[in-house]
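Please treat every number below as a calculation from the coordinates, not as lab data. Everything numeric in this text was worked out from a predicted model, so none of it was measured. Cβ coordinates were reconstructed from backbone atoms using ideal geometry, including for glycine residues, and neighbour counts include every protein chain displayed.
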Protein chains: 2
Amino acid sequence: MTRLFGDPAEFAEDQLAGFVDLYRDRLRGVPGGVVALPSGPPQVAVIVGGGSGHYPAFAGLVGPGFATGAVVGNIFTSPSAARVYSVAKAAHQGRGVVLSFGNYAGDTMNFGIAAERLRKEGIDTRIVIVTDDIASAAEEQLRRGIAGDFTVFKVMGAAAATGVNLDEVERLGRAANAATRTLGVAFSGCTMPGAHEPLFDVPAGHLGLGLGIHGEPGIRDEPMPTAADLAHTLVNSVLAEAPAHAASKRVAVILNGLGTTKYEELFLLWSHIAPLLREAGHTTVDVEVDEIVTSLDMGGCSLTLMWLDDELETHWRADAYTPGYRKQKAPLVSIDTTLEQGHSAVEVAAVAPDSSAAGRKLAGLASRGLLTMQSSLHEHEQRLGDIDAIAGDGDHGRGMVKGIDAAVAVSTTACSNAAGVAWLLQRSGQAWAEEAGGTSGVLWGAALEAAGMVLTDDRDRYLPSDIVAGAEAFLEAIVDLGGATIGDKTMVDALIPFVDELRARVATGASVQSAWRAASVVATVAAADTAALTPKLGRARPLAAKSVGTPDAGATSLALLVTALGAMSHS
Amino acid sequence: MTRLFGDPAEFAEDQLAGFVDLYRDRLRGVPGGVVALPSGPPQVAVIVGGGSGHYPAFAGLVGPGFATGAVVGNIFTSPSAARVYSVAKAAHQGRGVVLSFGNYAGDTMNFGIAAERLRKEGIDTRIVIVTDDIASAAEEQLRRGIAGDFTVFKVMGAAAATGVNLDEVERLGRAANAATRTLGVAFSGCTMPGAHEPLFDVPAGHLGLGLGIHGEPGIRDEPMPTAADLAHTLVNSVLAEAPAHAASKRVAVILNGLGTTKYEELFLLWSHIAPLLREAGHTTVDVEVDEIVTSLDMGGCSLTLMWLDDELETHWRADAYTPGYRKQKAPLVSIDTTLEQGHSAVEVAAVAPDSSAAGRKLAGLASRGLLTMQSSLHEHEQRLGDIDAIAGDGDHGRGMVKGIDAAVAVSTTACSNAAGVAWLLQRSGQAWAEEAGGTSGVLWGAALEAAGMVLTDDRDRYLPSDIVAGAEAFLEAIVDLGGATIGDKTMVDALIPFVDELRARVATGASVQSAWRAASVVATVAAADTAALTPKLGRARPLAAKSVGTPDAGATSLALLVTALGAMSHS
């Protein structure tokens, strides 16, 4: 929701004051909006506008190569005719004015009245209305303007900057609008400053197909699709509404986020859209995947295509420099497809070295141990995330699952390839670190690798003391990397008692199985002690000065694992 | 919440695929991340990175003048050492590598291991850790890295692009980090792909002061302040942690949005922060108010200052060109403070012309009428917004209130200045249109102005037929501008019966008072008929082909007003 405001009724004016302060090196505030500082010879003034709440539309699009001025209305409300007139007068450079805006009744009337007033004063004024929203009406001229504002304004702004006359700018604007089609979807509503409820709702688990950027009705609500399915809907719908006489299959593209549908989601969606457009024979030109025409904190996105001819492409590709949008031919970048491609950093022998029967037997045990760990971790993934979220970022469950899955995949293959225990543990540890990432990934990976390194694959037999050495190496790797000591509320709190108990039991002649079981009980108790301290980690506490490992969740996951392994050792 | 994904576990890889497709003209994907295509002579490689979910950090910062490569981890999870190594190897241009990242245990370990591996291969590798978050620890070197990543990376990227050696890039990076301080606040949590609940919560109506970008604990939760108070907290806290030996009071500034705290809110907040910094004697240099280091769809923001010396300022101001950030010296823009400032477009005589006693008396009645309308509209503001939200953008209530308040302010002054009814109505209408904007603003403003124009201020008496003529002019202005006819579900549905009834009653010799009362009953009934059609406008219906006026909410507001005026005519 919208949370930062003073007097809600003054939100539009208040935010404009900050905006003008910020960009006062390149534009100036005038009554009703903003005007670019002159950046070249006199040109046709391209004045855009509409309500606030759509940044970078509209004030963020003022600058060289784009709009000459922007009229700023209240949130989601057309600016008055007086404001339009004021901005146009201030922006006029003696070569005429184009007023351009999305097709809404209020904007049409207010900009229309302002145009009349300007013409009465002898200023040649044209109007270009944007009608790109294919969901809003069947007849093209009755459609609303949404993210297609951007392509139309961009083409006119670029054309005006080249010095062409008013007729040309108007003609190109109309051509851009005729070539532009958008379909939007909404996932959630937006909240007006000072309001306690969203302006509108989309049913949970649904999207509003074709819903407008102020919550106006769409075509229908649909169950929320996957990203891949949404890509199909957007591409198919927009292509079905292609202009009758499109000049080419070259298309300018905007994948626009409405506010809370974030960049990574848009990139992911683009990875599904791009192949569909290409399969349909289209060549994409200067694709913009970004927040271009927002709607406060609304969830959703839209896909815009502008079918290009040579003129439109020239102006679409031209440089621009505005507060909310900067386009620049990439300096000094050349595409050299002969460049050496990066190579995987994990370079280890793909084939296991020769191993003894004892080494292979122990490898089998280790592999079964990893499988047991895997099912335990999958079962408790959520719990680990919850514990971690108290003091950390809640990723511990997912990280552990990713790590163990990778380790199991490697170890299973290793066993069927007759690998020994040393090679299996080293490879499994590398895979764990590689896939899991994060703190726990590097610790578990390095620890498994270290345990593997103290063993070798060619021994005739492995003594209980060899297992203890492996456990000690495991512990040592974690202490070396993490720097934690006992009491820091990390997995070390459980691991040190485990290794101590294992060592002590083996020294008294116990079997590895019974020593391991006893050690796992000790580790579980120690982990519970650490976990008991958890409430003290409440939200109001500053971050632990010594941020090593994943506090307490690491101890918990370790306890889960040794318990699982201890249970296995019964069998 | 995060809604677009395929397999949640593959979110980071999937979004990276779309990103790499999008920017393949300037960077290439390598195992573990992305690397900029070469753009000049060999330079020191500046490798940045961390978990995904922070766009434009980190992949969006790769390009000329900024990072050479970015390592991409899973959501909020450090990339593995193997990924770091892979990206650094691919980015290395023979002049050494700097690895830079925020101070988190997982990143420190994974980047550290990769550095060791690179050094073993003879690649000189340095590490610069960012520690800008003043909320996370008292000791500087124990602090987390948050939005200050950006200033540190930017300085090193700009320096490396000038061709300086590895020692210099490392030295400047450490200097940038030592000069950078950030405080963040969170308003709401973020949702991991595939999760049903946010990763963490901030209590409703509160903010989490100093809460980390992955939800790590902050200093404390506080009741949500106003924007002005939040500006004080941020500025005072960051200034209190200024470096001990700051070179100057020139500061680079980032006001960063975390994901759902949108641009307009940030601009508004900046309008409060800027004067505070200036009052404290600071000069702001190249302020960035934008989404710079996000946290999925988290609500909140942070303020970063970097205290500048000449070196840091040079590199902070230098051009850069990356997918998520483009900085360019403004082309051809000159600041000319002698420019003619825009002037108010509402140019009408500030002083009322001479008026007759009858004109002044009728002006008094009109002014009281406007006051009655004002209280009725304030009372029903919410209801009007709710009706409008069904088919429109829900702004009708607020627009009407803004309009009537402006009209009342003008009319009250006009009365005390002995203005006549014609001038009063014209000026009130202009004020209404000016302040309200939107569709209803232009209609009500023009209608009042038209009604005023058919009256004059110098008559000895006003006949009932004069009032009818005023009402007809009011109606005509609305029909002319909006193009609606009866049945279109606009205010015209109530207004035409009102004027017809008024005219008919007056024609039979009724007093204006009784005719007005009767007409107001007719208008109320007609508006109720229109409102009864409202349910048919449900969410699934495409936008009305003829979008004129504000459907049904306009009729309702008109009925409210004429009812209010009818009630007044009793007195």
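Below, the figures for the structure above:
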{"quantity": "Charged-residue dipole, Cβ positions (Lys, Arg, Asp, Glu), the protein assembly as shown about Cα centre, Debye nearest 20", "calculated": "320 debye"}
{"quantity": "Whole-Å distance, taken between Cα centres, linking segment A:131-164 and segment B:39-58", "calculated": "36 Å"}
{"quantity": "Cross-link reach list, aspartates and glutamates versus B:LYS361, counting only Cα pairs under 15 Å and skipping chain neighbours closer than eight places", "calculated": "B:ASP457, B:ASP458, B:ASP460, B:ASP466"}
{"quantity": "Estimated distance in nm for a label pair at A:LEU463 and A:LEU365, the labels positioned 7 Å out from Cα along Cα-to-Cβ", "calculated": "1.5 nm"}
{"quantity": "Calculated log₁₀ intensity ratio I(q)/I(0) where the Debye formula runs over C-alpha points of segment B:64-205, q = 0.13, 0.18 Å⁻¹", "calculated": "-0.62, -1.07"}
{"quantity": "Hydrodynamic radius by Kirkwood, which averages 1/r over all alpha carbon pairs of segment B:36-98, in angstrom", "calculated": "11.7 Å"}
{"quantity": "Rounded to 5, percent antiparallel among DSSP beta bridges of chain B", "calculated": "55 percent"}
{"quantity": "Kirkwood Rh (inverse of mean 1/r, distinct Cα pairs), segment A:386-430, angstrom", "calculated": "11.7 Å"}
{"quantity": "At R0 = 51 Å, FRET efficiency that the Cβ-Cβ distance of A:ASP124 and A:THR413 yields, to 0.05", "calculated": "0.10"}
{"quantity": "Aspartates and glutamates whose Cα lies under 15 Å from that of B:LYS402, excluding same-chain neighbours fewer than 8 positions away", "calculated": "A:ASP7, A:GLU10, A:GLU13, B:GLU379, B:GLU381, B:GLU434, B:GLU435"}
{"quantity": "Projected-area average for segment A:141-216 over all orientations - Cα convex hull basis, square nanometres", "calculated": "6.9 nm²"}
{"quantity": "B:ILE486-B:HIS378 FRET efficiency (beta carbon distance; Förster radius 30 Å; 0.05 resolution)", "calculated": "0.55"}
{"quantity": "Cα-based convex hull volume of the protein assembly as shown per residue, rounded to whole Å³", "calculated": "170 Å³"}
{"quantity": "Long-range tail of P(r) for segment A:394-457 (Cα pairs > 16 Å, %)", "calculated": "39 percent"}
{"quantity": "Along each principal axis, Cα extent of segment B:357-570, largest first, Å", "calculated": "56, 37, 29"}
{"quantity": "Folded to 0 to 90 degrees: helix A:11-22 orientation relative to chain A principal axis, Cα", "calculated": "80 degrees"}
{"quantity": "Using alpha-carbon coordinates, inclination of helix B:492-507 to the longest axis of chain B, degrees", "calculated": "20 degrees"}
{"quantity": "Links that overshoot a 19 Å alpha carbon limit, given the list A:LYS154/B:LYS262; B:LYS154/B:LYS262; A:LYS262/B:LYS262; B:LYS89/B:LYS154; A:LYS154/A:LYS262; A:LYS89/A:LYS327", "calculated": "A:LYS154/B:LYS262; B:LYS154/B:LYS262; B:LYS89/B:LYS154; A:LYS154/A:LYS262; A:LYS89/A:LYS327"}
{"quantity": "Chain A - percent relative contact order, Cα under 8 Å, separation 6 or more", "calculated": "10 percent"}
{"quantity": "Nearest 10 degrees, 0 to 90: helix B:166-178 Cα axis against chain B principal axis", "calculated": "50 degrees"}
{"quantity": "Those aspartates and glutamates that a straight Cα-Cα span of less than 13 Å connects to B:LYS489, excepting residues fewer than 8 apart in one chain", "calculated": "B:ASP388, B:ASP529, B:ASP552"}
{"quantity": "Cβ-based exposure ranking for B:HIS214, A:HIS232, B:HIS245, B:HIS206, in which fewest neighbours within 10 Å come first", "calculated": "B:HIS245, A:HIS232, B:HIS206, B:HIS214"}
{"quantity": "Isotropically averaged projected area of segment A:394-508, using the convex hull of Cα atoms (one quarter of hull area), nm²", "calculated": "7.5 nm²"}
{"quantity": "10 Å Cβ neighbours from other chains, averaged over peptide B:98-109", "calculated": "5"}
{"quantity": "Taking N as its residue count, the alpha carbon Rg of segment B:133-277 over 2.2 N^0.38 Å", "calculated": "1.15"}
{"quantity": "Separation between Cα centres of segment A:393-448 and segment B:423-471, rounded to whole Å", "calculated": "79 Å"}
{"quantity": "Mean projection area, nm², convex hull over Cα of chain B", "calculated": "32.1 nm²"}
{"quantity": "For residues of A:82-88, the mean tally of beta carbons on other chains within 10 Å", "calculated": "5"}
{"quantity": "Descending semi-axes in Å of segment B:8-327, equivalent ellipsoid built from Cα gyration tensor", "calculated": "29, 23, 17"}
{"quantity": "Beta bridge orientation in the protein assembly as shown: antiparallel %, DSSP, nearest 5", "calculated": "55 percent"}
{"quantity": "Computed helical MRE - 222 nm, chain B, DSSP H runs ≥ 4 contributing -39500 (n - 2.57), nearest 500", "calculated": "-15500 deg cm²/dmol"}
{"quantity": "Residue mean of other protein chain beta carbons inside 10 Å, B:208-216", "calculated": "4"}
